[in-house]
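To start, the structure itself, in structure tokens.
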Amino acid sequence: AGPEAAILTARRLPDGSRLVVGHVLAGDARLTRAFEAALAGTIAIALILSVASALVIGRLIGGRTRRIARTARAIGAGDLAARVDRDGSGDGFDALGQELNAMAERTELLVGELRIMSDSLAHDLRSPITRLHAVIGRALADTGDARARAALAEVEGEADSLLAMLSTALEISRAEARVGADRMAPLALAPFIADFAEMYGPLAEDRGIALSVDALPVTVSAHRELLARAVANLIDNAIKYGDRAIALSVAREGDRALLRVADDGPGIPPEERAAALRRFGRLDAARGTPGAGLGLTLVAAVAHLHGGTLELGDNRPGLVATIGLPLD
């Protein structure tokens, strides 16, 4: 064996001899190295466990947060029956879910009562107005006085407008209540929108408006009659407010089909678009035209029934209304 490092100390004894005491350092060095290695391993394991624990906790917290966020988004999109799945732990997330569920239940109750009231009111008003319309019709047939006929014809027109408004209000209530959701079927949008171009082409031509179509072959699951009513409302608005051109188009964006109706009229300012989507939302520019402010509300309700959206944008100039629908 070779020489080893050591610490020595010597002391002279009373008889003149020397006492030498030494300690070899090799054992201490090995112990120190072993301790350092153990400490480094412990720190590494602790770091790995800390990172793993943080990832696990982060995933748990993120998962619970995302579930709450999904429920909040669903409620905001109109699905008032959406609820947060609670685990009964009683922690902050569970308490937040409980409060969100309570708020959603209260909102669903209030909105349900409002829908029932408006639906009942609209339904109850239709009968007397229908009878009034019949009486006016008989009076028109029985009178020969020109002034009386003109006045009765005006009253008949107002009764027709009121009946149309009530019918639209009922349609909105039914769409919001998801009546008809079980009648969805695959619908090819290209021929669907082409039918509207053929139907509205002569009317647009009479108004001096060019009607164009650009439709990709896209299929969605839809209630054909309700979607047709929504598209007809958009085209009616475009003809009413447009100037020289209306463009109907169908495009695809990710997992959605985009059905657009664009005109070159005055459009709607960004700050007024939310009001235009509300029931009876009549903008200042539309005050002098016939209508009750329910057309865009119905379109939005039909889009939501299909799991889609209605967006109003700037066509520069004019308005572009986009119905976004999930692909079939």
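Computed from the coordinates by the stated procedures, all read-outs in this text should not be read as laboratory data. Predicted, not measured: the structure shown is a model, and the values here were computed from it. Cβ placement follows ideal geometry from the backbone for every residue including glycine, while neighbour counts extend to all protein chains displayed.
Points to keep in mind about this one:
- Note on the chain: dipole from Cβ charges, positive end direction compared against Ala275, Ala95, Ala175; the farthest Cα belongs to Ala95.
- Compared with the dominant principal axis of the Cα atoms in the chain, helix 26-76 is inclined by about 10°.
- Contour excess over end-to-end distance, with Cα ends at Gln98 and Arg244 and 0.36 nm allotted per residue: 47.1 nm
- Overall form of segment 6-71 per C-alpha gyration tensor (a/c, 1.5; a/b vs b/c): prolate
- FRET E, pair Ser53, Val213, Förster distance 56 Å, beta-carbon r, rounded to 0.05: 0.40
- Extension gain, Leu110 back to Arg138 (0.36 nm per residue minus Cα-Cα distance, nm): 5.8 nm
- GluC sites (Glu not before Pro) restricted to DSSP loop in segment 3-109 with at most 14 other C-beta within 10 Å: Glu4
- Charged side chains reduced to their Cβ positions (Lys and Arg at +1, Asp and Glu at -1) give segment 181-326 a dipole of some 360 debye around its Cα centre.
- An oblate overall shape is assigned to segment 124-250, the ratio a/c of its alpha-carbon gyration tensor axes (a ≥ b ≥ c) being 1.5 or greater and a/b not exceeding b/c.
- Candidates Pro186, Pro14, Pro217, ranked by Gaussian network fluctuation over the chain, Cα under 10 Å, top entry: Pro14
- Gyration tensor verdict on the chain (Cα atoms; rounded if a/c is under 1.5, prolate if a/b is larger than b/c, oblate otherwise): prolate
- For the chain, size of Cβ-based charge dipole, Lys and Arg +1, Asp and Glu -1, in debye: 1340 debye
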